[in-house]
Amino acid sequence: MKISTFIHVHGNKVWDAYNKEFIELSNENLAFINKYKNQKIPTNAEIPRELLSMGIVTTCQKEKELLIHLKEITRDHQFQSLYLICSTACNLDCDYCFYRSSASNSLKHRQMMSFEIAKKSLDDFKKIVEHNAKDESYWQQITFYGGEPLLNKEMLYLSIPYARELFGNDTNLVINTNAVLLDDTDIQLFKNNNVEVQISLDGDQHIHDLHRKTYDGKPTYNIVINNIKRLLNNGVKVLPMITATDDNINCFSERVHSIVNELKIDDYAVNVLITNSFATSEEYTEKLASEMLKAYQDFGNIATDYAFVELYNKLIGLDKSISKNSCGSSRKITVFPDGRIFACQALEKVKENAMGSLDSGYLSNPNWDCWRNRSRFENPKCLNCESVISCGGGCATGSYNLNSSIYDIDKNNCEYTKKLFKKIHHI
């Protein structure tokens, strides 16, 4: 017998991570848990009945079966996302770009995807998702990605209308861009085809221009903010993507609020820096947790980061569901300009990430299982965390950057989530 892995003691408070709730226990029961929390309970020990009935004390076999079950229900079984790497070139030289990693090779080769490669990818994806199981929460998405996709407008102007016609309105079309090269014709393309435009915007002018410059050092903030307004004025959906760094983390909630007020938007997304992709201070995750919580409490009814709200509701116990894996690389197909297939766009040099090419039967590549088997329910560091049911396990690239393995933790996301949990529950 043993104390459940999901039981955590904080002073006189007991947190049940599986059910996401605090439990009131007698001093005797609390003392029993503290005594045997990290060891096997002796066969001659008198186990309190209440702890047995509540599942706080369990058998090793029962817990093993539960963890197998949790891994299975959070494992991705089908593809729902297609990433088209329109270009491996970029017009900016952002110093925190994850493509700078030694595990990536993309920015060294300025390749452009042809419409023929894009069309083949879209046609394949159409056949794949037709057989998907589709429950109430089902979604599917096609993302036009880079590098900078607007460097390859010839392909975009053929591929986006083709994708919309092929998939109708049951598939999200997204383009991830720095928006520097945007023109009126692009805006009309996105409007006509109901494309969500995700644009990096890191705060006020000074903060944004610290990291997001052209190769010759020119700032981009004024161009980007004006182009966002042009898109919004034309009825195009825009999602500002705000990367949190040590440079903008102080008063981060106020910076987010200023973006929301200036653009009059109702949602945004905050990106935690991928572990080891860019230097962070010891206080980075602590400050980010505080600022994200402050932003939600101060103006969450005006504009929200929906991923944060989902995480918040789970950490507080309002949402009892078990989070799927937050790294989407086991449910997405990433196609590079030359037709090579990967799970993750950031780990081009990692052997387990290579799935072949469009003409090689890539769907049956055994490397997919390397990604589908990535589970926080097999990682001791994750299992010892109060947030294991709520957290999706972080980014595989951050994990790989940390220890050359996609099965490690994503340190930045891990610490951020832990600190957010403690701040929410005041522990």
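The values are calculated or read from the model by the stated rules, or taken from the named source; none is laboratory data. Because the structure is predicted, anything quoted here is derived from the model rather than measured. A quick note on method: Cβ atoms are made from the backbone with ideal geometry, for glycine too, and the neighbour counts reach across all protein chains shown.
Things worth noting here:
- Residue that is over 24 Å from V272 (Cα atoms) and among the aromatic types (F, W, Y), where the choices are F190, F252: F190
- L363 vs. criteria of a type in the set (A, V, I, L, M), loosely packed, with under 15 Cβ neighbours inside 10 Å and modelled with pLDDT of 95 or more: yes
- Unique match (being modelled with pLDDT of 95 or more, of a type in the set (F, W, Y) and closer than 28 Å to W15 by Cα) among Y312, Y306, Y296: Y312
- Qualifying residues in the stretch 245-290 (those that are assigned to a helix (DSSP H, G or I) and among the basic types (K, R)) - the one farthest from V197 (Cα to Cα): K287
- Applying the condition of being surrounded by fewer than 20 Cβ atoms within 10 Å (Cβ to Cβ) and under 17 Å from C395 (Cα atoms) to the stretch 254-276 and asking which residue is modelled with the lowest pLDDT yields N276.
- Count of the stretch 312-330 residues which are of a type in the set (G, A, S), under 17 Å from the mean Cα position of the chain (by Cα) and part of a loop (DSSP other than H, G, I, E, B): 2
A quick yes/no check of all residues on (1) within 25 Å of R374 (Cα to Cα); (2) loosely packed, with under 14 Cβ neighbours inside 10 Å:
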{"residue": "L30", "(1), (2)": "no, no"}
{"residue": "T43", "(1), (2)": "no, yes"}
{"residue": "E65", "(1), (2)": "yes, yes"}
{"residue": "C90", "(1), (2)": "no, no"}
{"residue": "S101", "(1), (2)": "yes, no"}
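- Among the conditions (1) crowded, with 17+ Cβ neighbours inside 10 Å; (2) over 17 Å from S81 (Cα atoms), T334 misses just one, which is (2).
- Identity of the residue in the stretch 113-133, polar (S, T, N, Q) and either closer than 27 Å to E148 by Cα or touching a strand residue (DSSP E or B) at 6+ places or on another chain (Cβ under 9 Å) (or both), that ends up surrounded by the fewest Cβ atoms within 10 Å (Cβ to Cβ): S114
- Restricting attention to the stretch 309-343, the residues that are in contact with a Ser or Thr (Cβ under 8 Å, 6 or more places away or on another chain) and at positive phi add up to 1.
- Cβ pairs under 6 Å, 6+ apart, first in the stretch 314-326 and closer than 9 Å to S390 by Cβ and hydroxyl-bearing (S, T, Y), second in a loop (DSSP other than H, G, I, E, B) and at pLDDT 95 or above: S323/S390
- Subset of the stretch 292-309 that is within 19 Å of the chain's Cα centre (by Cα), in contact (Cβ under 8 Å) with a residue 24 or more places away in the chain and part of a helix (DSSP H, G or I) - its residue that is surrounded by the most Cβ atoms within 10 Å (Cβ to Cβ): M292
- Answer from I47, I41, I3 - the residue that is β-branched (V, I, T) and either closer than 24 Å to A354 by Cα or modelled with pLDDT of 95 or more (or both): I3
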